[in-house]
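J.: Let me give you the structure first, and then I'll get to my questions.
The values are calculated or read from the model by the stated rules, or taken from the named source; none is laboratory data. Note that the structure is predicted; figures quoted are calculated from it, not measured. So basically every Cβ, Gly included, is an ideal-geometry build from the backbone, and we count neighbours across all protein chains shown. Heavy atoms of the whole protein, side chains included, go into the accessibility calculation; ligands, DNA and RNA do not. Shrake-Rupley method; radii C 1.70, N 1.55, O 1.52, S 1.80 Å.
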Amino acid sequence: MTFAPRTTRASLSAAAVLLTAALALTGCTADAGGDAEPVDVPAPAAPDLSGGEALSQATDGALSRDVAPPLPEPGTPGTEEYDDSPETPFQDVATSPLSTFSADVDTASYSNLRRQVNQGVAPEGVRIEELVNYFDYDYQAPAPGAEHPFSMTAEVATAPWNPEHQLAMVGVQATEAIPTSEGNNIVFLLDVSGSMDEPNKLPLLAESFALLVEQLDEDDRVSIVTYAGDNQVVADSVPGSEHGVLVDHLRSLEAGGSTGGADGLLTAYELAEENFVEGGNNRVILATDGDFNVGPSTPEELTDLVEAERKSGIYVSVLGFGMYNLKDSTMEAIADHGNGNYAYIDTLAEARKVLVDEFDSTMFVVAKDLKLQVELNPGTVSSYRLIGYDNRRLEDEEFDDDTKDAGDVGAGHAVTAFYELVPADGGLGTDPGSDGGDLKYSEREVGSSDDFMTVHVRYKAPEGDDPGTSTEVELPVGADAFTSAPTADFAFASAVAELGLIATASEYRADASLDAVRERASSALGRDPYGLRAEFVDLVDAYRRVA
């Protein structure tokens, strides 16, 4: 099976942007708020940041791309904060035939795991669905002019880590067609506080946004807001074609002061509203380590702010940078509640992936508030477990509730979910009850249907009022979805999920092993034009050393 390459909007400029490395040496002195428990992260034994291009400070003060940045001096442990939701146990189909969750296209957890493992640190904050969704799969995209902006697919095979169970892979592939021909109205909201005064923070941030600038043209408008103890409008509605002007602003950034992120967000939203492009892409891109410590700073306070603003049609994406005081839980919450996505940038190669190779999927929403509801058939499945999506679960009745916010999917994005299934034992003890409502299988005599499940997807068009009206699509997953020879995509994605089970010490990891993960992934590399699958195999070896 071939591996479909990403499409790029524009090729990269051959010349690297040189940034000065003279940063003010002032740091944040107050702790960030939030309900998540701080996690002590020990300093690594060696400064190994393999896994992609990075920046380093050369002897002449310039920054190069081919050497990893020096790590902060070891010493005081950091206080990285993660919101580790408890994993969901197996559910009995007889009493809980529905599984409902919000789509998730974030990828931050994978690149953050890679950073931690390459530092020699046991990973924290692992969200299995983000590991799986980091990679591209060869799902067939909808044809131009299709009724719905995505296609659906499913495949079932024996669960690799538990041969007595089955594993169902459900994929939703969004169209690559851009939903608007209008320009971009983008506000760069950049954290320049003292906590960003590290080579892998502000210099990498500036270099990353320089790559993004290269993708813009005269139809686009860019504003830049920086924030520390206060916030400053550095640029207001500069044409995207003025690359030199924008890069000069990025080159001049210096770090220092405390972190008042909430005021910066308000200023960024105000600029986005002033320069609003009707029918265009209006977006704030927040770049930070998440260490807010002035004004509203908890995830709850910040999400209240972005929820109030998202009705205006302005989305917010979040790019995380740095280590030791990374506030992952805060950044994920802002993106989730701001109709945006969250990525973690650990290297310049990752910045290129997110901001260049995946420019369209990062910037342009094609399906809003996308939810999935899977109805399991008690005739073939006795119990099941959705792997990952632990903080994306919804109540079953929220699937039909158009006022309930859910994940937004960008052009070319794919959403992949795995269900681990325990086969039914011939129908004994699997009576779904008489009050089946609208359930597809509730009135069937157990065993009369050989479907595994039916996948229901509900979404809204990206344009229109909020909350708007949703549309529902369904995909029956019948017996013919089962295969004893899984596709390369299934093999690779299940290997990624298996590593997630190991990294989270899942109660349900059964016979999961790094040997099995490596063997299955290395045999399913496909064409791998960006080398991401091969990099995953190397990451498994690095994880083995950490473990």
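J.: Determine if segment 138-154 includes at least one residue that is surrounded by 24 or more Cβ atoms within 10 Å (Cβ to Cβ) and assigned to a helix (DSSP H, G or I).
T.: No.
J.: From the list 521, 512, exactly one residue is of a type in the set (A, V, I, L, M), part of a loop (DSSP other than H, G, I, E, B) and buried (at least 16 other Cβ atoms within 10 Å of the Cβ). Which is it?
T.: 512
J.: Residues of segment 478-500 being farther than 21 Å from residue 452 by Cα and either surrounded by fewer than 24 Cβ atoms within 10 Å (Cβ to Cβ) or β-branched (Val, Ile, Thr) (or both), which ones?
T.: Those that are farther than 21 Å from residue 452 by Cα and either surrounded by fewer than 24 Cβ atoms within 10 Å (Cβ to Cβ) or β-branched (Val, Ile, Thr) (or both): 488, 496.
J.: Can you name every residue in segment 215-233 that is surrounded by 19 or more Cβ atoms within 10 Å (Cβ to Cβ) and over 16 Å from residue 289 (Cβ atoms)?
T.: Answer for segment 215-233, where residues must be surrounded by 19 or more Cβ atoms within 10 Å (Cβ to Cβ) and over 16 Å from residue 289 (Cβ atoms): 215, 216, 220, 221, 222, 223, 224, 225, 231.
J.: Something else now. Kindly provide the set of residues from segment 524-547 that are part of a loop (DSSP other than H, G, I, E, B), within 19 Å of residue 124 (Cα to Cα) and open to solvent by less than 10 Å² (accessible area, probe 1.4 Å), ordered by number.
T.: The answer is none; no residue qualifies.
J.: Going by the structure shown, is residue 226 at pLDDT below 90 and touching a strand residue (DSSP E or B) at 6+ places or on another chain (Cβ under 7 Å)?
T.: No; evaluated as a whole, the condition is false for this residue.
J.: OK, next. What about residue 162, is it out of contact with any Gly (no Cβ under 9 Å at 6 or more places or on another chain) and surrounded by fewer than 22 Cβ atoms within 10 Å (Cβ to Cβ)?
T.: yes
J.: If you don't mind, there's one more thing I want to ask. Checking the conditions here, which among 247, 170 is open to solvent by less than 20 Å² (accessible area, probe 1.4 Å), within 27 Å of residue 413 (Cα to Cα), out of contact with any Asp or Glu (no Cβ under 7 Å at 6 or more places or on another chain) and at pLDDT 95 or above?
T.: When all the criteria are applied, what remains is 170.
J.: Tell me which residues, restricted to segment 250-270, are open to solvent by 10 Å² or more (accessible area, probe 1.4 Å), over 21 Å from residue 331 (Cα atoms) and not in a loop (DSSP other than H, G, I, E, B).
T.: Selection gives 251 alone.
J.: So, one more: Looking only at segment 371-398, count every residue that is within 24 Å of residue 329 (Cβ to Cβ), open to solvent by 10 Å² or more (accessible area, probe 1.4 Å) and part of a strand (DSSP E or B) and tell me the total.
T.: Residues meeting the conditions: 1.
J.: Looking at 181, 193, which is the one that is among the polar types (S, T, N, Q), open to solvent by 40 Å² or more (accessible area, probe 1.4 Å) and within 30 Å of residue 273 (Cβ to Cβ)?
T.: From the options 181, 193, the qualifying one is 181.
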